[in-house]
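Below is one structure, written out as structure tokens; comments come after it.
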There are 2 protein chains.
Amino acid sequence: MTTTPDGRPRRMLTLGAVLQGAGGHIAGWRHPLSPPDGELDLAHHIRVAQTLERGTFDALFIADVVAISGTDLDALHRTARSVRFEPLTLLAALSTVTERIGLVGTASTTYNEPFHVARKFASLDHLSAGRAGWNAVTSVLPQEAANFGRDAHLEHGLRYRRAEEFVEVVRELWDSFDDGAVRRDIAAGRYYDPTGLRTPHHRGEHFAVRGPLSISRPPQGHPVIFQAGSSEAGKDFAARYGEVVFTGQGTLAGAQRFYADVKARAAAHGRNPDHLLVWPILAPIVGDTEAAARARRDELLELIHDDVARRLVQDTVGDVDLSGYPLDGPLPEVGETNRSRSRSEQMLDLARRENLTIRGLARRSSGGGMITGTPETIADHVEEWFTGRGADGFNVGFPYLPGAAEDFVDQVVPELRRRGLFRESYTETTLRGHLGLPRPVAIARRDDLTHPSEPLADEPSRAGSR
Amino acid sequence: MTTTPDGRPRRMLTLGAVLQGAGGHIAGWRHPLSPPDGELDLAHHIRVAQTLERGTFDALFIADVVAISGTDLDALHRTARSVRFEPLTLLAALSTVTERIGLVGTASTTYNEPFHVARKFASLDHLSAGRAGWNAVTSVLPQEAANFGRDAHLEHGLRYRRAEEFVEVVRELWDSFDDGAVRRDIAAGRYYDPTGLRTPHHRGEHFAVRGPLSISRPPQGHPVIFQAGSSEAGKDFAARYGEVVFTGQGTLAGAQRFYADVKARAAAHGRNPDHLLVWPILAPIVGDTEAAARARRDELLELIHDDVARRLVQDTVGDVDLSGYPLDGPLPEVGETNRSRSRSEQMLDLARRENLTIRGLARRSSGGGMITGTPETIADHVEEWFTGRGADGFNVGFPYLPGAAEDFVDQVVPELRRRGLFRESYTETTLRGHLGLPRPVAIARRDDLTHPSEPLADEPSRAGSR
């Protein structure tokens, strides 16, 4: 981290990028420069990861759901949303062909066990010499529940209580071995110092996990915790545990409100608000001129299939049946009962205000966070949000890959560097280092039961102690 | 696969190797040529993997338990058994730095969900272009149960019933997409052919998994299934699902009995017994002379710490307290009640017959499957077991790494090739190809509910239909 003339650490822009097959836009896979079999093409993923590393991105990020995510197979088979690598295996593969970029993967706290999650991310952190990050999600799709023996999702509040306990257990497991406890003293025949091993003995509302974890403390202490909650419970979770918080924000004013809100919540939990970074989503399409950039965007929007367009509008405004309506005609009246959330209302208002056709609304709603511009105007946007405290950085979702990422790295990143906003080269080796986040001190020894001569297997169960 | 003069496929030796930090022997990490931080040193693992690939091994294999595996911390901190990479992340990392060798990892059917396991191995199979294998284990340690909210293990028979259902679900999930269903027809806007997608809708005794899996059918159809059961239930499981079966066998006669037994069981299940390969464990130490090989072994045995030696004997003969007895004195009388299994009795008989000290017995019992010899005599052993139908190949557990693997590849592999037993170079690209195993045909469509226009989310639950 660089410093200001008076020696204080200087606030620097940070950037992550979503690594998502042929791109984040629903029609990205149909882009003329899209790679064949992009979703399962390792060479393509390596190429994008190395491009991002050339652009000194802090991290690449793999979004995930544990299901086929669409609700309508008719539309789904016309998108690339149903096929993807499992995140941790992909990140581990990328760890050997990259050197500095952070490797962030999604894992659900609702459909996993803390022991497995702690172990996989600790392993990735060791494999990558300190570049792992965990995007903790509570999962929202009913299709995910159905893959794990549940007929319905856990209720929202319960999901977050489980998530909190989950993260607590994972952090304790990461601290099983003290830093430096695994000394490998060959002469003395001591692989680790037994006083540096902790057994968490966790028993809570949702989990009973004895531990310890069978891996040395991760190089970063704890892999960096990412989060994307926007509900009250979600923001509170972010404020307690999140170190990078993703958010979708349409306006600077909205971003500033969110930014101030979660930073204040973090401070209320006794945390340094600088140790929670806010990353709105940004989906940039760059052109040499504004018109060229818009033309690129419009080319992409042209590729939205009619079935997909209809489904996008149905998903956006509520489940109204649009099958009888021409796509290039106006949106029919939508009954109040079908409207649910603020986004639906916003989109309906937009459609009326701008006289959008069904197809026009589909195109608009497909481009979440998509902005077009020259390298300068996109850098202006980034700078305005960053200096205006609507963002500490961005989670960049390239609409199509690899093209949009290459354009950004070759054209926007140099402009951001010219303005002194973004690093010229990596100065640190770990993801925490890039992000200016402190390395966590190990959670204090909570349990003195563990000592060298205690047999691990024979300890009496503590069931019933709560 | 090569053929005999009359055109039938010729039976060829197959070889796997355990990739285990500084080696399989309990004192391997203290070997003078052991790498620093071997258990979490990726460069070391890459070096060993590439050595094995130079030796045209069929597969490398990562053993695993989901716990710190020792029962005695006093001894445990003097071994390297408590620290390891998580298998799937390590295998995925190795997939990018190897080209042909199979990548086999352990995952428990008792402490995992079928959806996650199916997905991870399918992802590894795609990352490695068809080199993934899954060693399905039911888990035996009480410490593992305690990491997943259970006070005790599932009863043995129940574990195997769960394992069978688990494997059935995993195979159905692997078949979610038909081969070739993901066509990526950009012009028509069809990412996949909707008639080629199946939703398993599994509901059984242990699992309810709707599916489908969010990944194209694996390149191998199904990753290769490895297994190591030795109980009646274990052997029956192997005969039904195992494609490679690991086994620990001390004598050729015992290996032949096991071989004949599981092949007959496979045939009784309607399988071609050639499609189940038996791999006894082999732990070779090579020397230019027999005496040199033995000296290498003895150097290694010298490195067993006294505390570890005592624990090894206690674990072997039953939990007798040896703390009062000198290691270089005789084994005390062990009461009948403390003896449990045939191995204990064998070891006690051995100790009496050969007048072994406690340390002597520890050294003997530490070397499971360890044999010493020249390249010729080790090749003799391999050839005898292979031609005598005690083995189709071996699971080679090198006592120390990388040394023992390098010696084997440089000295024993050429001898096996000279004898026409082992391939000169890879002729296939997938693990199934190396092993001569057929690519599974997709499980027939069991459920006609899924058709293109069926919404994934809204189908009525089938709870209560059993």
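How do A:S95, B:S69 rank by accessible surface area computed with a 1.4 Å probe, from largest to smallest? Write out the running numbers ahead of the final one.
Values: A:S95 5, B:S69 35 Å².
If we order A:S95, B:S69 from most to least accessible, we get B:S69, A:S95.
Once B and A are treated as a pair rather than alone, how much accessible area drops out, both sides summed, in Å² to 100, probe 1.4 Å?
Numbers: alone 20950 and 20950 Å², together 34660 Å².
Protein heavy atoms only, the B-A interface buries about 7200 Å².
In nm, one decimal, shortest first: how far is the label point of A:R190 (7 Å from Cα along Cα to beta carbon) from the matching points in the other copies?
Sorted ascending, the copy-to-copy spacings read 6.8 nm.
Starting from one equal scatterer on each C-alpha and no solvent at all, send me the Debye-based log10 I(q)/I(0) for the protein assembly as shown at q = 0.10 Å⁻¹, two decimals.
-1.19
Just the number please: accessible area per residue for chain B, 1.4 Å probe, all protein chains included, in Å². Spell out each step's value before the answer.
Numbers: 17340 Å² over 466 residues.
So chain B comes to 37 Å² accessible per residue, rounded to a whole number.
Which far-off residues, 5 or more places away or on another chain, put their amide H under 5 Å from the one on B:A208, with H placed in the peptide plane?
Residues meeting the amide H criterion: A:G149.
Once phi is turned into θ = phi - 60°, what whole-Hz ³J(HN,Hα) does the Karplus curve with 6.51, -1.76 and 1.60 give for every residue of region A:211-224, x standing for Gly and Pro?
x, x, 7, 8, 7, 4, 3, x, x, 7, x, 10, x, 5
Taking A:Q346 in one copy and the same position in all the others, each labelled 7 Å out along Cα→Cβ, what are the pairwise distances from the first, in nm, shortest first?
6.9
Which of the lysines could a cross-linker bridge to B:K263, judged by Cα under 19 Å and excluding same-chain residues fewer than eight apart?
Qualifying lysines at Cα under 19 Å: B:K235.
Select the chain A residue whose beta carbon lies nearest to the rotation axis carrying chain A onto chain B, and write the distance in whole Å.
For chain A, the closest residue to the axis carrying it onto B is A:A92, 2.
Cut-off under 16 Å on the C-alpha distance; same-chain residues fewer than 8 positions from A:K120 excluded. Which lysines are left, in chain and number order?
Excluding near neighbours in sequence, the set is B:K120.
Select from region B:207-245 all residues whose loss of accessible area on going from the chain by itself to the full protein assembly reaches 30 Å² or more (probe 1.4 Å).
Relative to the lone chain, where solvent access is computed with a 1.4 Å probe, region B:207-245 loses at least 30 Å² at B:A208, B:R210, B:S214, B:I215.
Nothing charged except the Cβ atoms of Lys and Arg (+1) and of Asp and Glu (-1): what's the magnitude of the dipole of region B:109-243 about its Cα centre? Round to the nearest 20 debye.
Values: 17 positive and 18 negative charges, 73 e Å.
It comes to approximately 360 debye.
For the protein assembly as shown, what does -39500 (n - 2.57) per DSSP helix run (n ≥ 4), summed and divided by total residues, give at 222 nm, in deg cm²/dmol to the nearest 500? Display every interim value, and only then the final one.
On the way: 32 runs with 332 residues, N = 932.
Taking each H run of at least 4 residues, the total per residue is -10500 deg cm²/dmol.
Compute, for B:F408, the solvent-accessible surface of its heavy atoms (probe 1.4 Å) with the complete set of protein chains present, and express it in square angstrom to the nearest 10.
0 Å²
Using a 1.4 Å probe over the heavy atoms of the protein chains, calculate the carbon and sulfur portion of the accessible area of the protein assembly as shown as a whole percent.
Values: 16920 of 34660 Å².
About 49 percent, which is the carbon plus sulfur part of the accessible surface.
List the residues of region B:175-193 whose accessible area drops by at least 40 Å² when all protein chains are present, compared with their chain alone, using a 1.4 Å probe and counting only protein heavy atoms.
When all protein chains are present, B:R184, B:I186, B:G189, B:Y191, B:Y192 each give up 40 Å² or more of accessible surface.
Sort shortest first the distances from B:Y325 to its counterpart in every other copy, using label points 7 Å along the Cα-to-beta-carbon line, and give them in nm.
8.5
For Cα pairs less than 8 Å apart in space and 6+ apart in sequence, what is the mean separation divided by the residue count of chain A, i.e. the relative contact order in percent?
Values: 823 pairs, mean separation 101.5, N = 466.
So the answer I get is 22 percent.
What ratio of Cα Rg to 2.2 N^0.38 Å holds for chain A? All intermediate terms of the calculation are to be shown ahead of the outcome.
Values: Rg = 23.4 Å, N = 466, 2.2 N^0.38 = 22.7 Å.
After normalising by residue count via 2.2 N^0.38 Å, the value is 1.03.
The values are calculated or read from the model by the stated rules, or taken from the named source; none is laboratory data. Computed from a predicted structure; not experimentally measured. Note: ideal-geometry Cβ built from the backbone for every residue, glycine included; neighbour counts use all protein chains shown. Keep in mind that these areas ignore ligands, DNA and RNA; they rest on the heavy atoms of the full protein, side chains included. Shrake-Rupley method; radii C 1.70, N 1.55, O 1.52, S 1.80 Å.
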